[in-house]
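See structure below.
Readers should treat all values here as calculations from the given coordinates under stated rules, not as data from a laboratory. All values reported here derive from a predicted model rather than from experimental measurement. Here the Cβ positions follow ideal geometry from the backbone for every residue, glycine too, while neighbour counts run over all protein chains shown.
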Amino acid sequence: MKMKRVLIVFFCCLSLSAYSQNSDPFAAVNDTSYFNGYLKLKTDKSLYLNTSYESIYWQAYGTLYSFLGRYDEAKVGYDNRYDQTTLYKEDLNLDGKQSSQEELNKLYSKFNVCMINEAHHMAQNRAFMYSQLKHLKKAGYKYLAIEALNAGIYMDSTLVDRGYPLVQKTGVYISEPIFGMLIRQALELDFILIPYESYEKERELGEANNIYKLYDPEKGKLVVYAGYGHICEDETSPYMASILKGLLKEDFLTITQTLPKQCKPITDGNDTCKFYLLPRSNECYDYTVIPNLQASATNIPYWYDWMNCTYQKLKSFYKPELTSPSLVQLFRAEECENAVPVYQYLIEKDDEQDITLPFITKGNYRLVIVSEDKIVKKEIFVD
């Protein structure tokens, strides 16, 4: 009987130990192997549901699935945390709000500081930012402050010399491929990057001070790319933008891409508008930008066109059938093994074989296919 009690106690300790080791769902997001992170998050799901960790689990789920190119599933992850009702075109009051790149460019030219935000699970927000970099540069913006860049003792000190980001090393969210392309584009356009994240107790104050110390207005204008409410410039708010506004003593242009609910596709096939620009009535942001949301018939969403991609079928380069799950990755051939891929897509079902690959530039690429039993690598050329 005594031995039985000892065994029961021992088993309980093992169970608690296993749970403790898996108590942070974001460990899967932070894994330097995307595929291993996916397997871990999938395997450990039952540990988190109906516990105090469930909300964090769904946040990690949405984040990792955005990394893996499963953009609809990424939204589902965040929908499980927040309001699951849906906005339709008529809910958004878009009549007369059609805008153009030229109108945005005029706004950029009127300010010395522009702030644009993102939802951390929405890769399309980064595709929009990617598309704006060349216009911001032309309007005189020289500094690009990015919240997602690792800062301080965690900073990727060789990023500029290297010219491309590394998985986890450059920043957790920058391990998402579209964010990686945004970083590459910024470096190619010769932006001065400012890693401004603060790890202090007063995070917003620390972020504002970090930007203020590194920004030199005499060398050019400043664009800040941050998450969610950090760009709220209401002078009564405690956010980074409000504090920085007080330090710089000038008005900002603030544009939010985040919406409180998911939106259904807006276009009916006849609307050629690229995006809508809605003036905000509150004090936090000047405008909300909403793309002309479209349904996608393939694994490649419509917003890849914002980055001027060309497309080819995976079968053009690799014909064997893939097992599921398999992770299909594209790397620039000249970049190292732990570079952030330029694209990746997780095949979760056997009927998802016919996928499309996007290419921002022509040249040599490294195609990598990761499954549970093997890794296949192949050099390919795109002209």
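Brief remarks follow.
- Charged neighbours of residue 226, selected by a Cβ distance under 9 Å, balance to -3 (K, R count +1; D, E count -1).
- Principal-axis tilt of helix 203-214 within the chain, Cα atoms, nearest 10 degrees: 60 degrees
- Mean Cβ count within 10 Å, highest first, over the residues of peptides 299-308, 62-71, 47-56: 62-71, 299-308, 47-56
- Folded to 0 to 90 degrees: helix 101-110 orientation relative to the chain principal axis, Cα: 70 degrees
- Cα centroid separation - segment 144-199 against segment 289-304, whole Å: 26 Å
- Ranked for footprinting exposure by Cβ neighbours inside 10 Å, fewest first, 345, 318, 108 give 318, 108, 345.
- Using alpha-carbon coordinates, inclination of helix 2-21 to the longest axis of the chain, degrees: 20 degrees
- Charged-residue dipole, Cβ positions (Lys, Arg, Asp, Glu), the chain about Cα centre, Debye nearest 20: 760 debye
- A protection proxy built from the mean count of other Cβ atoms within 10 Å ranks the segments 35-46, 165-176, most packed first, as 165-176, 35-46.
- Choice from 164, 212, 141 with maximal GNM fluctuation in the chain (Cα, 10 Å cutoff): 212
- 204, 73, 379 arranged by Cβ crowding within 10 Å, fewest neighbours leading: 379, 73, 204
- Each residue, residue 251 and residue 382, gets one label point 7 Å from its Cα in the Cβ direction; the gap between the two is 4.2 nm.
- Most fluctuating residue given options 332, 280, 184, as computed from a GNM of the chain linking Cα atoms under 10 Å: 280
- Too-long pairs where the Cα-Cα distance tops 30 Å, listed order kept, from 45/362; 97/221; 142/313: 45/362; 142/313
- Most to least packed among 238-244, 273-279, 309-315 [average Cβ atoms within 10 Å]: 238-244, 273-279, 309-315
- Here 126, 366, 203 are placed in order of increasing Cβ neighbour count within 10 Å, fewest first, which gives 203, 366, 126.
- Taken about its Cα centre, segment 309-382 carries a charge dipole of about 380 debye when Lys and Arg each add +1 at the Cβ and Asp and Glu each add -1 at the Cβ.
- Compared with the direct C-alpha span, the chain from residue 235 to residue 278 gains 13.4 nm at full extension, assuming 0.36 nm per residue.
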